[in-house]
Amino acid sequence: MKIVFMGTPDFAVASLDALVQANFDIVAVVTAPDKPAGRGQKLNESAVKKYAIEKSIPILQPEKLKNPEFLEALKSYQADLQVVVAFRMLPEVVWNMPSKGTINLHGSLLPQYRGAAPINHAIINGEKESGVTTFFLTHEIDTGDIILSDRTPIGDDETAGELHDKLMVIGANLLVKTVTAIAEGNVSEQPQPKSDELKHAPKIFKEDCKIDWNNSTIKIHNLIRGLSPYPTAFTLLNDKTLKIFKAEPEHTEPAIAAGGFLTDNKTYLKFATKDGFIKLLDIQFEGKKRMLIADFLRGMRL
């Protein structure tokens with residue numbers, strides 16, 4: 001069975017590597033074009049491209065997925081199946097091309113958390129459980145028939161980065177099981193369950209990351225966890241951006257207004273919420289590197 005793999009970041013590399021290690025025939029990868037990055041604007045290759053070069057797998061990097069030259073090149077590989085992990089939305093002319101269809105690995109338990117940022121939103125919403133799902137692509141995004149899923153608990157202090165790394169491994173294993181079942185003709189896909197209470201996972205913008213200290217302690221704690229390490233929750237301190245990577249909730253009645261802070265200028269800095277405090281542990285102040293709160297306070301008088 002010939003497979004074309006489509007993906008871009010590290011999350012996708014784990015799945016691609018699992019398929020290669022399982023001896024599936026990856027005839028090509030499709031990944032994002034190289035992008036200029038850093039001060040020198042040097043062209044940066046995607047994680048999937050770097051892996052494909054290492055394994056001598058042919059690479060396609062279309063700017064536009066409906067480009068006739070790209071479509072011809074894709075068709076020339078005569079793939080039986082396309083596998084998508086952390087890529088962009090595909091036009092029908094692409095996902096409908098292989099005889100066995102196109103499957104996607106999604107970082108949630110579908111139908112919940114359809115969209116671009118399922119891992120972040122699950123933690124922001126205080127979920128106790130997450131998982132991964134494989135499904136066949138169709139017209140509407142993340143709505144195709146489910147093939148397999150696997151679940152994992154979310155810890156009370158677990159960050160989006162930690163859950164991402166966990167799901168990356170679980171997802172890679174699930175993908176191998178899924179592709180094996182398709183190769184053996186042993187798939188019984190199920191339509192996604194209908195639900196009136198769907199939670200969505202849209203793309204996260206900068207304004208979504210600013211902390212509103214009038215919210216509850218637990219809601220703010222979940223926001224910080226759900227945006228760590230990227231794109232990172234932030235507040236303003238002395239009119240400068242303070243990014244918060246890790247914090248802990250304190251459920252004590254605040255004696256100051258929400259948004260005010262208390263510090264001993266040595267070991268702790270905590271902001272008041274509407275019903276407690278958020279004690280900062282791991283931060284980055286504008287113009288400085290990321291550091292633990294004690295190191296920050298050592299060089300900063302508040």
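Over the chain, with every protein chain in place, what whole percent of the accessible area is carbon and sulfur at 1.4 Å, could you tell me?
Working: 7700 of 15500 Å².
Here carbon and sulfur together make up 50 percent of the probe-accessible area.
Within the set of other residues whose C-beta is less than 10 Å from the C-beta of Ala201, count the net charge using Lys and Arg as +1 and Asp and Glu as -1.
Numbers: positive: Arg114, Lys199, Lys203; negative: Asp142.
Within the 10 Å Cβ shell, the charges total +2.
Return a whole-number percent for the relative contact order of region 140-229, with Cα pairs under 8 Å and 6 or more residues apart as the contact set.
On the way: 45 pairs, mean separation 42.6, N = 90.
About 47 percent, as a whole number.
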Which number do you get for Rg(Cα) / (2.2 N^0.38 Å) in region 71-228?
1.13
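What number, rounded to the nearest 500 deg cm²/dmol, is the helix-based mean residue ellipticity at 222 nm of the chain, given -39500 (n - 2.57) per DSSP H run of at least four residues and division by all its residues?
Helix-only estimate at 222 nm: -8000 deg cm²/dmol.
How would you classify region 141-232 from its alpha-carbon gyration tensor, with a ≥ b ≥ c the square roots of the eigenvalues: rounded for a/c under 1.5, else prolate if a/b is greater than b/c, otherwise oblate?
On the way: a/c = 2.80, a/b = 1.97, b/c = 1.42.
Prolate.
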Could you provide, to the nearest whole Å², the per residue accessible area of the chain with probe 1.4 Å?
51
With springs connecting C-alpha atoms under 10 Å apart, model the chain as a Gaussian network and identify which of Ala257, Ala172, Ala272 has the largest mean-square fluctuation.
Ala257
Per GNM of the chain with C-alpha springs under 10 angstrom, the most fluctuating residue out of Glu197, Glu253, Glu92 is Glu197
Quick check: net charge around Glu162, other residues with Cβ under 11 Å of its Cβ, Lys/Arg +1 and Asp/Glu -1?
0
Treat region 78-124 as a sphere of radius equal to its Kirkwood radius over Cα pairs and apply Stokes-Einstein at 37 °C in a medium of 0.692 mPa s; give the translational diffusion coefficient in µm²/s, rounded to a whole number.
274
Under 19 Å between alpha carbons, and skipping anything fewer than 8 positions from Lys210 in its own chain: which aspartates and glutamates qualify?
Asp239, Glu248, Asp275, Asp282, Glu286
Once phi is turned into ³J(HN,Hα) by the Karplus curve 6.51 cos²θ - 1.76 cosθ + 1.60 with θ = phi - 60°, what whole-Hz value does each residue of region 135-151 show in order, with x for glycine and proline?
8, 7, 5, 9, 4, 7, 4, 6, 10, x, 5, 7, 9, 9, 8, 8, 10
May I ask for the distance between the Cα centers of region 95-116 and region 195-223, given as a whole number of Å?
25
Quick one: what are the phi-derived ³J(HN,Hα) couplings along region 295-302, Karplus 6.51/-1.76/1.60 with θ = phi - 60°, whole Hz, x for glycine and proline?
5, 5, 5, 4, x, 9, 9, 10
Descending accessible area (1.4 Å probe), largest on the left, turns His200, His164 into His200, His164
How would region 215-289 be classified by its alpha-carbon gyration tensor: rounded, prolate or oblate, with rounded meaning a/c under 1.5 and the a/b versus b/c comparison settling the rest?
oblate
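The values are calculated or read from the model by the stated rules, or taken from the named source; none is laboratory data. Please read all numbers here as calculations on a predicted model, not as lab measurements. Backbone-built Cβ (ideal geometry, glycine too); neighbour counts: all protein chains shown. Keep in mind that these areas ignore ligands, DNA and RNA; they rest on the heavy atoms of the full protein, side chains included. Shrake-Rupley method; radii C 1.70, N 1.55, O 1.52, S 1.80 Å.
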